[in-house]
Amino acid sequence: MTADELRKQRCKPLKGKENQLSATRALELLGVIDGWQFGPGNADIRREFRFPDFLHALAFVNALGFVAENENHHPDLELGWGRCLVRFSTHDVGGLSLNDFICAAKTDALLAR
């Protein structure tokens, strides 16, 4: 799977451990989204984005908020001057799901425009 193929997908409502990705599959998907890494215990995927100032970082957060609402899959965000840390996990499956990687790919696409 490529990042472009991930971006073309839509998030689906997922509940239960049966929808949690295996460590092998999560590692495979992590390999197609540049700059993302596992958080502690591989409980999430995360990436810090850098910007020239607070206003650009805030604009990114607002654009990401629109994407998250559209996909009904919301990240944890940490906003600071010139930076934003984005973390995705799927609480309803108790770890990582395909939705996290779909949204990570869509997050990256925001900066490609």
Can you compute the modelled spin-label distance between Gln9 and Asp34, with each label point 7 Å from Cα toward Cβ, in nm?
2.1 nm
Binned Cα-Cα distance frequencies in segment 56-113 - 5 Å width, integer %:
4, 19, 31, 25, 14, 6, 1
In what sequence, largest accessible area first, do Ser97, Ser89 appear using a 1.4 Å probe?
Ser89, Ser97
What do you get for the angle between helix 54-71 and the principal long axis of the chain? Use alpha-carbon atoms, 0 to 90 degrees, nearest ten.
30 degrees
Say a paramagnetic label sat at a point 7 Å from the Cα of Ala112, along Cα to Cβ; which residues of segment 12-47 have their backbone N under 18 Å from it?
29-37, 47
Nearest-0.05 FRET efficiency for Leu55 and Leu27, computed from C-beta distance (R0 41 Å)
0.70
Going residue by residue through segment 88-98, the Karplus relation 6.51 cos²θ - 1.76 cosθ + 1.60 with θ = phi - 60° gives ³J(HN,Hα) values, rounded to whole Hz and with x marking Gly or Pro, of 10, 7, 10, 4, 5, 10, x, x, 9, 10, 4
I need the shape label for the chain. Rule: rounded when a/c is under 1.5, else prolate if a/b > b/c, else oblate, with a, b, c from the alpha carbon gyration tensor.
prolate
Provide, in order from the shortest bin, the percent of all Cα-Cα pairs of segment 1-66 in each 5 Å bin, continuing until the bin that contains the maximum pair distance.
3, 12, 17, 23, 22, 13, 6, 2, 0
Send over a whole-number figure in Å² for the accessible area per residue of the chain, probe 1.4 Å.
57 Å²
Kindly write out, for segment 8-15 in residue order, the coupling ³J(HN,Hα) from the Karplus curve 6.51 cos²θ - 1.76 cosθ + 1.60 (θ = phi - 60°), rounded to whole Hz, with x marking Gly and Pro.
7, 7, 10, 5, 10, x, 10, 9
May I ask you to list the aspartates and glutamates whose Cα is less than 17 Å away from that of Lys17, ignoring any residue fewer than eight positions away on the same chain?
Asp44, Asp92, Asp100
Which value in deg cm²/dmol, rounded to the nearest 500, describes the helix-derived mean residue ellipticity at 222 nm for the chain, given -39,500 (n - 2.57) per DSSP H run of n ≥ 4 and division by the residue count?
-13000 deg cm²/dmol
Where does each of 11-18, 41-48 land if you order them by average Cβ count within 10 Å, highest first?
41-48, 11-18
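The values are calculated or read from the model by the stated rules, or taken from the named source; none is laboratory data. Remember, predicted model here, so these are calculated numbers, not experimental data. Glycine also receives a Cβ, built like all others from the backbone with ideal geometry; neighbour counts cover every protein chain displayed. We work out accessible area using only protein heavy atoms, side chains counted, and drop any ligands, DNA or RNA first. Shrake-Rupley method; radii C 1.70, N 1.55, O 1.52, S 1.80 Å.
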